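K.L.:
To start, I am sharing the structure in question, which I have written as structure tokens.
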Amino acid sequence: MFDFVVEATDGAARAGVWHLPHGDVVTPCFMPVGTNGTVRALAPSDLREVFASLVLANTYHLHVRPGEDVVAKLGGLHRFMGWSGPLLTDSGGFQVFSLEGSRKVTEEGVEFRSHVDGSTRFLSPERAVEIQMTLGADVAMAFDHVIPGQSDRPAQQDALDRTLRWLARCRRKHEEMAAQQSLVPIIQGGTFTDLRRQGLERIQALGAWRGLAVGGLSVGEPKPLMQEVLADLETVLPPALPRYLMGVGFPEDVVAAIGLGMDLADCVAPTRMGRNGTAFTDDGPVNIRNARFREDSAPLDAGCDCETCRVFSRGYLRHLFAAEELLGLRLLSLHNVRYLIRLVARAREAIVAGRFGAWSAGWTARYATREMQ
């Protein structure tokens with residue numbers, strides 16, 4: 001269990017399978033984000049219909065509401081949210097550190113005020129591991145120190161050092177609890193490639209792992225700089241471990257990340273964009289609110305097999321948004337998640353066939369040259 005098998009490579013791009021307690025995850029993989037134990041606007045049956053394999057939920061949000069003990073009493077996170085497939089829980093580090101002005105960082109952990117009721121809470125590396133163990137996800141993320149992506153080198157070094165000290169504590173707690181889940185460390189270091197390499201070396205010095213994550217990217221830095229960091233890391237990352245790029249979910253970024261050796265990605269973008277009326281397509285994003293779709297009988301995306309595209313016209317979808325009907329939010333969210341899952345599946349097919357470079361270049365040229373429709 002937890003083994004990762006690389007089945008094919010094409011340049012830096014990889015196709016593999018990650019064996020987890022609740023099922024196998026075929027990579028490259030896009031994870032829909034179910035922050036509060038639900039992928040917003042979508043039911044578990046929707047996720048199964050679009051062939052989602054690994055879903056992310058958030059430790060911070062489930063801790064403050066309803067509480068991990070409530071989740072455990074109701075059968076654990078899988079039963080609680082009605083999802084029988086693999087689950088990954090973020091440690092809550094990003095959410096805690098986004099609470100600017102309402103949290104205090106010490107070496108022991110982070111004291112913060114709940115965004116739900118204003119109560120004072122404390123999250124340490126040990127508590128993050130305990131909460132994730134109680135929730136019962138297949139994969140638990142280590143608690144890390146997240147800082148703004150454009151922070152200077154001394155700040156990034158400080159955050160990296162603290163992340164690694166906290167990682168050692170996470171590992172000790174995880175081993176003490178004999179958790180039947182994979183604990184995955186997070187490589188920090190901002191856009192400084194030497195700090196990223198240093199972080200990787202120090203993580204490996206702590207022992208063996210079952211996966212590695214790259215955090216602190218896609219937080220406002222120029223995309224070429226993010227790709228530069230990933231390209232440098234790819235040359236030193238151990239090939240036997242699955243690689244998770246955190247917080248990336250726009251189609252062009254997902255394709256670029258796969259080409260740079262990443263195996264997994266997650267983001268709220270597909271459902272957030274869908275709720276705002278924007279759909280992903282190979283010809284670039286479509287704003288379904290556009291008046292020109294009022295009498296359009298064509299499907300949203302003729303190449304897509306999701307319910308939205310099989311059943312409904314662009315004209316009907318535009319009507320739903322004009323009338324502020326909730327069904328519109330669900331249908332575009334459903335399409336966007338399915339689009340990204342289809343996209344990574346097509347990338348995998350190209351990797352296996354040894355033509356990923358040509359496929360990604362063609363897809364990128366088509367997608368990037370189209371303006372918002």
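K.L.:
When only DSSP loop residues count, what trypsin sites (Lys or Arg not before Pro) in segment 185-251 have their Cβ near at most 16 other Cβ atoms within 10 Å?
P.N.:
Passing sites in segment 185-251 do not exist.
K.L.:
Take the alpha-carbon centre of segment 259-325, take the same for segment 142-191, and report the distance between them in whole Å.
P.N.:
Here the two parts' Cα centres lie 36 Å apart.
K.L.:
While we're on this one: At 0.36 nm per residue, and after removing the present C-alpha to C-alpha distance, how many nm does the segment from A168 to S45 gain when stretched out fully?
P.N.:
So the chain would gain 40.4 nm between A168 and S45.
K.L.:
Within the chain, which is the longest segment containing none of the GluC sites (Glu not before Pro) that sit in a DSSP loop and have at most 11 other Cβ atoms within 10 Å?
P.N.:
With a cap of 11 other Cβ atoms within 10 Å, the longest stretch comes to 108-294.
K.L.:
If you don't mind, another one. So which aspartates and glutamates pass the test for K173, namely a Cα distance under 20 Å, with those fewer than 8 places away in the same chain ruled out?
P.N.:
Excluding near neighbours in sequence, the set is E68, D69, D90, E107, E108, E111, E126, E130, D138, D144, D161.
K.L.:
Let me ask something else. About its Cα centre, what dipole magnitude does the chain give when the only charges are +1 on Lys and Arg Cβ and -1 on Asp and Glu Cβ, stated in debye to the nearest 20?
P.N.:
With only Lys, Arg, Asp and Glu charged at Cβ, the dipole is about 500 debye.
K.L.:
Still on this structure: What list of ³J(HN,Hα) couplings, whole Hz, do you get for segment 89-95 from phi and the Karplus terms 6.51, -1.76, 1.60, once you set θ to phi - 60° and write x for glycine and proline?
P.N.:
Karplus values, whole Hz, x for Gly and Pro: 10, 5, 6, x, x, 5, 5.
K.L.:
Each label point is 7 Å from the Cα along the Cα-to-Cβ direction; what then is the distance between the points at V311 and R65, in nm?
P.N.:
Between V311 and R65, the label points sit 3.0 nm apart.
K.L.:
Dipole of segment 1-108, Cα-centred, from +1 at each Lys and Arg C-beta and -1 at each Asp and Glu C-beta, to the nearest 20 debye?
P.N.:
380 debye
K.L.:
Multiplying the sequence separation of T235 and K223 by 0.36 nm and subtracting their Cα-Cα distance, what value in nm do you get?
P.N.:
So the chain would gain 2.4 nm between T235 and K223.
K.L.:
Applying 1/(1 + (r/R0)^6) with R0 = 35 Å to the Cβ-Cβ distance of A345 and F122, what FRET efficiency is obtained, to the nearest 0.05?
P.N.:
0.25
K.L.:
Please get the size of the charge dipole for segment 77-121, origin at its Cα centre, with Cβ charges of +1 on Lys and Arg and -1 on Asp and Glu, quoted in debye to the nearest 20.
P.N.:
It comes to approximately 180 debye.
K.L.:
Report the one residue of V311, L329, S360 whose Cα lies farthest in the direction of the positive end of the charge dipole of segment 269-368 (charges on C-beta: Lys and Arg +1, Asp and Glu -1; origin at the Cα centre).
P.N.:
S360
K.L.:
Right, another one. Taking 45 Å as R0, compute the FRET efficiency from the Cβ-Cβ separation of E324 and H22 and round it to 0.05.
P.N.:
Calculated transfer efficiency: 0.75.
K.L.:
Let me ask something else about it. Pairs of Cα atoms under 8 Å, at least six residues apart: use those to get the relative contact order of segment 4-267, whole percent.
P.N.:
Contact order relative to length: 19 percent.
None of the figures in this text is laboratory data; all of them are computed from the coordinates on show. All of these numbers come straight from a predicted model, not from anything done at the bench. All Cβ positions, even for glycine, are placed from backbone atoms using ideal geometry, and neighbour counts span all protein chains on display.
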